[in-house]
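Working notes, beginning with the structure itself.
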Amino acid sequence: MPLKRKILIAGNWKMNGLKKDARSLAAGLAKKNSSAKNQSVEILICPPFPLLALTADTLKGSGIKIGAQDCHSQLTGAHTGDVSAALLANMGCTYVILGHSERRINHGETDKQIKMKAETALAAGLKVIICIGETLKQRKAGQTLNINRQQLRYSLPVGASASNTVVAYEPVWAIGTGQVATPEQAQDVHAAVRKTLKNKLGSEEGNAMRILYGGSMKPSNAKELLALPDVDGGLIGGASLSVKDFWTIAQAT
Ligand code: 13P
């Protein structure tokens, strides 16, 4: 019998929003989730660091979880401008997104650094969402599966299990472009990721670990993507900035 993995719908607000936006987005979603019939979906919001406290307060009691978009690889110390996983946990975060392509590209983050961050985050009691994904150039060169397998192998933390780690496949060419992966393209990579996870973690953990799709997921394409056998949720950027769109995606399962 195929294993049932709980769908995770995660909103990555990236560097968007002011206090008033966070308040109204979180309040709108909290209201919807509190009266929702379908509680079988896990919903997560990842705002910018300074909005974490306000968003957590606004979401209190709604059942919606809160996460961050990055953390440092050390638990504490002299790291000006950085934020520790311990503080994130202390602020009420359950998850942290690590290795997003915008951090890999804009900040030169490597698989090794992402792995270190993830191990520290796990030690602080957070769950991690490890992002992987190929560029258009790599896809055109036929390197898609190899790139994703490689990023996964080297950025997955020691101690990763289905209960503390989620993988997010986000093709770089689909992020913020409106050019979503076709169901075939998404399932192809997700199946390869699943196989790699099984090889690395054993069949049981590899089967149980959730793999999210991210990259121009919208109300109009979410249902089709979320119905794929190895797609266990979404990591949503642009559409997570609208209560209506994000909620529609969360209900599309
Ligand atoms: P978009 O949904 O805006 O394409 O962003 C996806 C993403 O990068 C989520 O982390």
Checking Leu212 against (1) within 16 Å of the ligand (Cβ to nearest atom); (2) farther than 30 Å from Ala123 by Cβ; (3) of a type in the set (A, V, I, L, M), only one condition comes out false. Which one? (2)
Lone qualifier among Asn106, Asn148, Asn90 - being within 13 Å of the ligand (Cβ to nearest atom) and polar (S, T, N, Q): Asn106
Suppose the filter is without any contact (Cβ under 8 Å) to a residue 12 or more places away in the chain and crowded, with 16+ Cβ neighbours inside 10 Å; does Glu109 pass it? yes
Which one is nearest to the ligand (Cβ to nearest atom) among residues in the stretch 1-33 that are over 22 Å from Ala222 (Cβ atoms) and of a type in the set (Gly, Ala, Ser)? Ala22
Anything in the stretch 109-129 that is more than 12 Å from the ligand (Cβ to nearest atom) and within 20 Å of Ala10 (Cα to Cα)? List them, or say none. Ile114, Lys117, Ala118, Ala121, Leu122, Gly125, Leu126, Lys127, Val128
Going by what's in this entry, would Ser240 be described as of a type in the set (S, T, N, Q), within 16 Å of the ligand (Cβ to nearest atom) and not in a helix (DSSP H, G or I)? no
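Before we move on, is Thr196 within 16 Å of the ligand (Cβ to nearest atom) and in contact (Cβ under 8 Å) with a residue 24 or more places away in the chain? If you could, list the steps in order and put the result at the bottom.
Numbers: within 16 Å of the ligand (Cβ to nearest atom): no; in contact (Cβ under 8 Å) with a residue 24 or more places away in the chain: yes.
No; evaluated as a whole, the condition is false for this residue.
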Consider Lys19 carefully, then state whether it is within 16 Å of the chain's Cα centre (by Cα), farther than 19 Å from Gly238 by Cβ and exposed (fewer than 14 other Cβ atoms within 10 Å of the Cβ). no
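Answer with yes or no whether Val96 is farther than 22 Å from Arg210 by Cα, among the aliphatic types (A, V, I, L, M) and in contact with a helix residue (DSSP H, G or I) (Cβ under 7 Å, 6 or more places away or on another chain). Before you say what the answer is, go through the steps one by one.
Numbers: farther than 22 Å from Arg210 by Cα: no; among the aliphatic types (A, V, I, L, M): yes; in contact with a helix residue (DSSP H, G or I) (Cβ under 7 Å, 6 or more places away or on another chain): yes.
For Val96, the condition - farther than 22 Å from Arg210 by Cα, among the aliphatic types (A, V, I, L, M) and in contact with a helix residue (DSSP H, G or I) (Cβ under 7 Å, 6 or more places away or on another chain) - is not met.
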Is there a residue being out of contact with any Cys (no Cβ under 8 Å at 6 or more places or on another chain), under 22 Å from Leu226 (Cβ atoms), touching a residue at least 40 places away in the same chain (Cβ under 8 Å) and buried (at least 19 other Cβ atoms within 10 Å of the Cβ) anywhere in the stretch 48-66? no
Given the conditions (1) touching a Lys or Arg at 6+ places or on another chain (Cβ under 6 Å); (2) among the aliphatic types (A, V, I, L, M); (3) part of a helix (DSSP H, G or I); (4) within 21 Å of Lys115 (Cβ to Cβ), and given that Val193 satisfies all but one, which numbered condition is not satisfied? (1)
Could you list, ordered by first residue, the pairs with Cβ atoms under 7 Å in which the first is in the stretch 208-221 and farther than 16 Å from Gly133 by Cβ and outside any helix (DSSP H, G or I) and the second is within 12 Å of the ligand (Cβ to nearest atom) and among the acidic types (Asp, Glu), at least 6 apart or interchain? Lys218/Asp245
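A short reminder: the numbers here are calculations on the coordinates, not readings from a lab. All figures in this text were calculated on a predicted structure; none of them were measured in a lab. Neighbour counts are summed over all protein chains in view; Cβ atoms, including those assigned to glycine, are modelled from backbone coordinates with ideal geometry.
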